[in-house]
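Encoded as structure tokens, the structure appears first; notes follow it.
The values are calculated or read from the model by the stated rules, or taken from the named source; none is laboratory data. If you're wondering where the values come from, they're calculated on a predicted model, not measured in any experiment. Neighbour counts run over all protein chains shown; Cβ positions are idealised from the backbone, glycine included.
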Amino acid sequence: MSLFESHVKKNLVKLHKNLYLSKSDPEFFEKILRYKDPQSPEAHYNLAKKWEEEGVLMKAYLHYQKAAKVDSPFYYQAKAACKSIEQMMDSAPEEAESSPSAKIPFYMKTIIASLILLNLCILGMLFWKADSIRMAASQPKDWGTGMEVVYETEDVPYVFYIPAGTSPKEVEESLYKKAISLGSQLSNKTLLLYGVSTTDSGLSHETLPLKSDGIKDQAFVIAEYNSALDHPVKIRFLNQQNQVEDSYSYTYISTNLLRTALNSYIEEIGEPPAELGDLAGSYPNNYLSFIPRELHLFSNSTSPSFTGNGGWVFNKEAETIEQMLYPNIMDSSSEGAIHIPFAPVEVFIDKSTFNLLVKSFPYTMMTKPVGLGKNSSTPEGTFIIQKRVLDPQGRKPDMFGAAGLGMGEYAIHGTSDEHSIRKEKSLGCIRMLNEDVLDFFHIVPKGASVEIVDALPDQANSINIEEVHLISPEEKPLSTQLADEIFEWAG
């Protein structure tokens, strides 16, 4: 070791292999604890003295405690220092309590009380106007420093009825014209125009004050306009989940699907079911495959009285089917529920065109091709759906396909023989392709009438429903539509 190296190392403390710490380092004792010995009594004692000199008594006290170990050479000094600090800390609160508090001048108290009262008044005004006041920004002005002026305006909501099937471009044009016309009559107020689809010609393009927040859930487009602020008309189409073009039409067929099944249940059992869900029981009590949903708020829940919260009102004490079962949906033009007349689900079979139609007047829910009985063995007349079953078993395997709806001696059933469709090959039953009969099965309730005619009258006034599957709920009942019996339909 050289003389120079020996001289340098005299002032260093070895921490690790080639790591040394200078004794003149201002953080010498902190680094001893951090890198060499976290329990060093000497380091803790010297750090405690440092913190005590700087007046940081709590830190000093903690380090003195760690230095006051039984085997520590600083035991007595550290203990004495701890006791001294404890006495100083105990006397500090007493001194604080004995010191006279500064008195607030009377004029300062008056000013403070006035400010508190003023703030309370402002808060009260804001809460009082919270439902009707909104913030609307004006057009940015070229002040050179980016100033933006903000005004308070009142919202005025209206509902605007738009005919079902109107194109988006026509919706925009009609909303724009209506917003300009109506908004110009509102002084410094913001018009909110909620567009709702309708099939009622009497309501088309009518504008009425919005009376219920439930109408907002039925809107598919909103227009906003404030003539005083020179804003352009803001039109926003709503991307609601499962939004349909005409919610009324779908709710109409859902309502009458339920009513047809309910009416059949009452005729057969003698009284309404305890719960609406009983209509979707297991075979042979499967009047329906499921409880359909209305397509305003997309719900199939039930309520004993009207709330406007979606789903169905089922009041089994009511006198008529219309009063017993109706949509729990607010009518935007009145204070009550939307009115849907009772139009039973009916099946029509046109022998001349080999077509089957499912209707709830004036809507056609389905049109499918069918096969009929050879030698004109499919009878004409009116029949009633008496049984609904999936995978019905006959005298031969796969005799009735994926599903069958029995009408006594005859049935409407499935087949895998596509060459028998639009032909007379059966023994009198009506055949449908398996994929078609499954769709048919889910929208035709037990008790529906079936009219078999040589030729149907013109259907020009009928309204076609393209996506009838939308009425199906996301969760289906756990009931079974299967049957442990052999069916003796004609085939």
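For the stretch 34-57, enumerate the residues that are more than 17 Å from L21 (Cβ to Cβ) and among the aliphatic types (A, V, I, L, M).
A48, V56, L57
Looking at the stretch 380-405, which of the residues that are more than 40 Å from the chain's Cα centre (by Cα) and surrounded by 14 or more Cβ atoms within 10 Å (Cβ to Cβ) is modelled with the lowest pLDDT?
Taking the stretch 380-405 and keeping what is more than 40 Å from the chain's Cα centre (by Cα), we get 380-383, 393-400.
With surrounded by 14 or more Cβ atoms within 10 Å (Cβ to Cβ) added as a condition, the list becomes 383, 393-394, 398-400.
Values: F383: 97, Q393: 94, G394: 94, D398: 91, M399: 94, F400: 96.
So, considering only residues that are more than 40 Å from the chain's Cα centre (by Cα) and surrounded by 14 or more Cβ atoms within 10 Å (Cβ to Cβ), the one modelled with the lowest pLDDT is D398.
Could you go through the stretch 325-342 and let me know if any residue there is more than 25 Å from the chain's Cα centre (by Cα), loosely packed, with under 15 Cβ neighbours inside 10 Å and more than 29 Å from I412 (Cβ to Cβ).
Within the stretch 325-342, one or more residues are more than 25 Å from the chain's Cα centre (by Cα), loosely packed, with under 15 Cβ neighbours inside 10 Å and more than 29 Å from I412 (Cβ to Cβ).
Based on what the data block shows, is K178 modelled with pLDDT under 85, part of a helix (DSSP H, G or I) and in the same structural domain as I215 (by TED's automatic domain parsing)?
Values: modelled with pLDDT under 85: no; part of a helix (DSSP H, G or I): yes; in the same structural domain as I215 (by TED's automatic domain parsing): yes.
No: the conditions fail for K178.
Taking into account only those residues within the stretch 343-369 that are outside any loop (DSSP other than H, G, I, E, B) and in contact with an Asp or Glu (Cβ under 6 Å, 6 or more places away or on another chain), which is surrounded by the most Cβ atoms within 10 Å (Cβ to Cβ)? Spell out how you get there, then give the answer.
Initial filter on the stretch 343-369 (outside any loop (DSSP other than H, G, I, E, B)): 346-350, 355-360, 363-369.
Checking which are in contact with an Asp or Glu (Cβ under 6 Å, 6 or more places away or on another chain) leaves us with 348, 359, 368.
Values: F348: 19, K359: 23, K368: 17.
Looking at residues that are outside any loop (DSSP other than H, G, I, E, B) and in contact with an Asp or Glu (Cβ under 6 Å, 6 or more places away or on another chain), I get K359.
Here's the yes/no breakdown for (1) in contact with a strand residue (DSSP E or B) (Cβ under 6 Å, 6 or more places away or on another chain); (2) of a type outside the set (G, A, S); (3) modelled with pLDDT under 90; (4) outside the structural domain of Q185 (by TED's automatic domain parsing):
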position	(1), (2), (3), (4)
D213	no, yes, yes, no
Q218	yes, yes, yes, no
A223	yes, no, no, no
N226	yes, yes, yes, no
N242	no, yes, yes, yes
R259	yes, yes, no, yes
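Would you confirm whether or not the stretch 445-459 contains a residue that is closer than 27 Å to K396 by Cα and part of a loop (DSSP other than H, G, I, E, B)? Let's see the steps before the verdict.
From the stretch 445-459, those closer than 27 Å to K396 by Cα are 445-446, 450, 452; that's our starting set.
Within this subset, residues satisfying the condition of being part of a loop (DSSP other than H, G, I, E, B) are 445-446.
The answer is yes; a qualifying residue exists.
Quick one: in the stretch 172-198, of everything that is in contact (Cβ under 8 Å) with a residue 60 or more places away in the chain and surrounded by 18 or more Cβ atoms within 10 Å (Cβ to Cβ), which residue is farthest from P232 (Cα to Cα)? Talk me through it step by step, then tell me what you get.
First pass over the stretch 172-198, keeping only residues in contact (Cβ under 8 Å) with a residue 60 or more places away in the chain: 172, 175, 196.
Of the ones still in play, those that are also surrounded by 18 or more Cβ atoms within 10 Å (Cβ to Cβ) are 175, 196.
Working: L175: 12, V196: 22 Å.
That would be V196.
Among the numbered criteria (1) farther than 30 Å from N464 by Cα; (2) touching a Lys or Arg at 6+ places or on another chain (Cβ under 7 Å); (3) surrounded by fewer than 21 Cβ atoms within 10 Å (Cβ to Cβ), which one does S299 miss?
Evaluating S299 over (1) farther than 30 Å from N464 by Cα; (2) touching a Lys or Arg at 6+ places or on another chain (Cβ under 7 Å); (3) surrounded by fewer than 21 Cβ atoms within 10 Å (Cβ to Cβ) leaves (1) as the failure.
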